[in-house]
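Can you read through this structure? Questions will come right after.
The values are calculated or read from the model by the stated rules, or taken from the named source; none is laboratory data. The structure presented is a predicted model; accordingly, all values stated were derived computationally and were not measured. Heads up, the Cβs are rebuilt from the backbone with ideal geometry, glycines too, and the neighbour counts pull from every protein chain shown.
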Amino acid sequence: MKETKIKANAVYQIAAQNGRVLEVAGAGSENGAAVQLWENANAESQQWLPVEVSAGVYKLENKLTGKVLDVINGGSERGAWLHQWEYTGAGSQLWTLDAAGEGRCKLRSKLSGLVVDIVDMSEENGARLQLWEDVDGANQAWALLPVAAAAKKQAAKKTAASAKAAKPDAAKKPAAKKAAAPAKTAKSAAERKPAARKAAAPAAKKAEAPAKTEAPAKTEKPAAKKPASKKAK
């Protein structure tokens, strides 16, 4: 098959068709740390540097640990799992990158000719990687994503998210106008002053009214009847 071309000294993520990528489990730095599938977090434990050691043959070096993708116990049989190990130049640490269509490739072991495969075709976080015979399976096709491009895409997502988060603040501006509305009610309170004066006027007139009722004092005349004194004599 046609070899997949990669750039010298470029760092890549190795992605399955569901978007999850190969990583060193737990970002472990020790020999024997598992290599597994995990959601893309743009972590250095998920980044790999393909280094060409001979024509078309590569070691896949983890950016975080400096260790390489290796087959457990130097295995060459179907079902052997993968881990990381310090580079020794063994055939179990060497890979060719064979085209698999749609910009993807197969990671083929130089030692056995078997390809990197996802155990049980799992799509979950933590799925392990193994060697298996080449059956052109979807779980054997990998996309090599340049880290710079992946970081740029992630930055674009963050920018879009920040812009979206800023919109609600702009929407709150009408609230400031609404808060200013009570200033108008102060004027209406001032306009009500004539009403207070009007209400006070009747009260004053009503208080003066009892002064006019002094007229009954004139009714004292009937008490002094002169004819009554004449009758007494």
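Can Leu60 be described as out of contact with any Asp or Glu (no Cβ under 8 Å at 6 or more places or on another chain) and among the aliphatic types (A, V, I, L, M)?
Values: out of contact with any Asp or Glu (no Cβ under 8 Å at 6 or more places or on another chain): yes; among the aliphatic types (A, V, I, L, M): yes.
Yes; evaluated as a whole, the condition is true for this residue.
Considering the stretch 133-149 alone, what residues qualify as being modelled with pLDDT under 95 and farther than 12 Å from Trp48 by Cβ?
Taking the stretch 133-149 and keeping what is modelled with pLDDT under 95, we get 147-149.
Once the filter is applied, which keeps residues that are modelled with pLDDT under 95 and farther than 12 Å from Trp48 by Cβ, the stretch 133-149 yields Ala148, Ala149.
A further question on this structure: Looking only at the stretch 57-78, which residues are crowded, with 22+ Cβ neighbours inside 10 Å and aliphatic (A, V, I, L, M)?
Leu60, Val68, Leu69, Val71, listed by residue number.
Keeping to the stretch 11-48, report how many residues are hydrophobic (A, V, I, L, M, F, W, C) and either at pLDDT below 95 or in a strand (DSSP E or B) (or both).
Residues in the stretch 11-48 being hydrophobic (A, V, I, L, M, F, W, C) and either at pLDDT below 95 or in a strand (DSSP E or B) (or both): 10 in total.
In the stretch 79-132, which residues are surrounded by fewer than 17 Cβ atoms within 10 Å (Cβ to Cβ), part of a helix (DSSP H, G or I) and in contact with a Leu (Cβ under 9 Å, 6 or more places away or on another chain)?
If the condition is that a residue be surrounded by fewer than 17 Cβ atoms within 10 Å (Cβ to Cβ), part of a helix (DSSP H, G or I) and in contact with a Leu (Cβ under 9 Å, 6 or more places away or on another chain), then Gly91, Val119 are the ones that fit.
Of the conditions (1) at pLDDT below 95; (2) surrounded by fewer than 16 Cβ atoms within 10 Å (Cβ to Cβ); (3) hydroxyl-bearing (Ser, Thr, Tyr), Ser54 satisfies every one except a single condition; which number is it?
(1) is the only condition that Ser54 fails.
Also, I was wondering about something else. Right, Asn42: surrounded by fewer than 17 Cβ atoms within 10 Å (Cβ to Cβ), touching a helix residue (DSSP H, G or I) at 6+ places or on another chain (Cβ under 9 Å) and of a type in the set (S, T, N, Q) or not?
Numbers: surrounded by fewer than 17 Cβ atoms within 10 Å (Cβ to Cβ): yes; touching a helix residue (DSSP H, G or I) at 6+ places or on another chain (Cβ under 9 Å): yes; of a type in the set (S, T, N, Q): yes.
Criteria met by Asn42.
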